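Below you'll find the structure, written out as structure tokens, and then a few comments.
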Amino acid sequence: ARVVYPDAVRFGGGPEQRYSEQYGVGGEITFGRVLAREVQVYGGVTARTDAVVAAGMYDPELRLAEDFVLWLRILARGGRVVYNDRVLAYYRYRPGSHTASPRPMFENLVRVLDKVERTLRLAHAERESLVRQRDWVRSKLKLMDGKAAFRAGEVRTAIERFRESRALTTRRRWKLSLVLALLHVAPGPFRTLYLLRDRLEARLPRRTTTWS
């Protein structure tokens, strides 16, 4: 093994939860499964120094998900990554951290996936997996833009952004279709309910944004 990562407990801002309860973590850790996010390597690893150095270490150009790229590089070189199901780490949720703000995180993820595509040799199926993920992240960014426009009362802009978001992914497409229908039929009452939901959610504990 070149890298071993444990289970962890995430805490702060809500009930404690094990990392393995949120993500796929075990089984055979392959390049394709990590790339497809079928398994997510927790960042608190124990790793052989020579494997990390040979893979180029953490990429200083990336502010988020730099570990994701490192694991892919190690796996691409034939290094073995192993999961230990014991809880050996604790991960604190903290308001104001760089993973607590969704938009910068998703913008950075697009850059990460672009770099993976440019710098690593991908099989056809792996490239298709990467494109699907990048389109989903871009869809989330369009969705955020649509929500911001809707809150500001810019209904036409919101409709355009929601349509662009829906076109980029098949995930939860029915929800966006429903939102678009409501925007056409009753934008005023729908916006009132949406802003009320925002106020209620603001009173709840915040969770860090995750890429899944």
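The values are calculated or read from the model by the stated rules, or taken from the named source; none is laboratory data. Remember, it's a predicted structure, so these values are computed and weren't measured experimentally. Cβ: placed from backbone, ideal geometry, glycine included. Neighbour counts: every protein chain shown. The accessibility values were calculated without ligands, DNA or RNA, using every heavy atom of the protein model including side chains. Shrake-Rupley method; radii C 1.70, N 1.55, O 1.52, S 1.80 Å.
List the lysines whose Cα lies under 28 Å from the Cα of Lys115, skipping any in the same chain that are fewer than 8 positions away.
Lys140, Lys142
Pop a pseudo-label 7 angstrom from the Cα along the beta-carbon direction at both Tyr23 and Asp85 and give the gap in nm to one decimal.
Label-label distance for Tyr23 and Asp85, simple model: 1.8 nm.
Whose amide H sits under 5 Å from the amide H of Arg10, counting only residues 5 or more places off or on another chain, with H placed in the peptide plane?
Gln17, Arg18, Tyr19, Tyr91
Ranked highest first by the average count of other Cβ atoms within 10 Å around their residues, in what order do 36-43, 176-183 fall?
The densest-packed peptide leads the list: 36-43, 176-183.
Kindly provide the helix-only [θ] at 222 nm of the chain, computed as the sum of -39,500 (n - 2.57) over DSSP H runs of four or more divided by all residues, to the nearest 500 deg cm²/dmol?
Mean residue ellipticity at 222 nm (helix-derived): -17000 deg cm²/dmol.
To the nearest 10 square angstrom, how much accessible area does Glu21 have with a 1.4 angstrom probe?
120 Å²
Once the principal axes of the Cα atoms of the stretch 1-49 are found, what is the range along each, listed largest first in whole angstroms?
Cα spread of the stretch 1-49 along its principal axes, largest to smallest: 33, 25, 14 Å.
Could you give the radius of gyration (one decimal) and Dmax (whole number) of the Cα atoms in the chain, in Å?
Gyration radius and largest Cα-Cα distance of the chain: 19.4, 61 Å.
Going by amide H atoms built from the backbone, whose H comes under 5 Å of the H on Val25, apart from near neighbours?
Here the answer is Gln40, since their amide H atoms fall under 5 Å of that of Val25.
Write down the accessible area per residue of the stretch 1-105 in Å², having rolled a 1.4 Å probe over the full set of protein chains.
Numbers: 5610 Å² over 105 residues.
On a per-residue basis, the stretch 1-105 sits at 53 Å².
Using 0.36 nm times the number of residues separating Ala123 and Glu38, minus their current alpha carbon distance, what extension gain do you get?
28.9 nm
State the percentage of accessible surface on the chain attributable to carbon and sulfur atoms; use a 1.4 Å probe and exclude ligands, DNA and RNA.
Solvent-exposed carbon and sulfur of the chain make up 51 percent of the total.
Tell me the per residue accessible area of the stretch 130-172 using a 1.4 Å probe; a whole number in Å² is fine. Don't skip to the end; give the middle numbers.
Values: 2400 Å² over 43 residues.
Each residue of the stretch 130-172 exposes 56 Å² on average to a 1.4 Å probe.
Can you bin every Cα-Cα distance in the stretch 25-87 into 10 Å intervals starting at zero and give me the percent of pairs per bin, rounded to whole numbers?
22, 58, 20, 0
For the modelled label position 7 Å from the Cα of Arg172 along Cα-to-Cβ, which residues of the stretch 115-159 have backbone nitrogen atoms closer than 14 Å?
136-148
What nm distance separates the two modelled labels at Leu180 and Glu160, each placed 7 Å from Cα along Cα→Cβ?
So the two model labels end up 1.5 nm from each other.
Quick check: the angle from helix 187-202's long axis to the longest principal axis of the chain, C-alpha only, nearest 10 degrees?
Tilt relative to the chain: about 40 degrees.
If ligands, DNA and RNA are left out, what is the accessible area of Phe190 with a 1.4 Å probe, given in Å² to the nearest 10?
Only protein atoms counted, so the area is about 40 Å².
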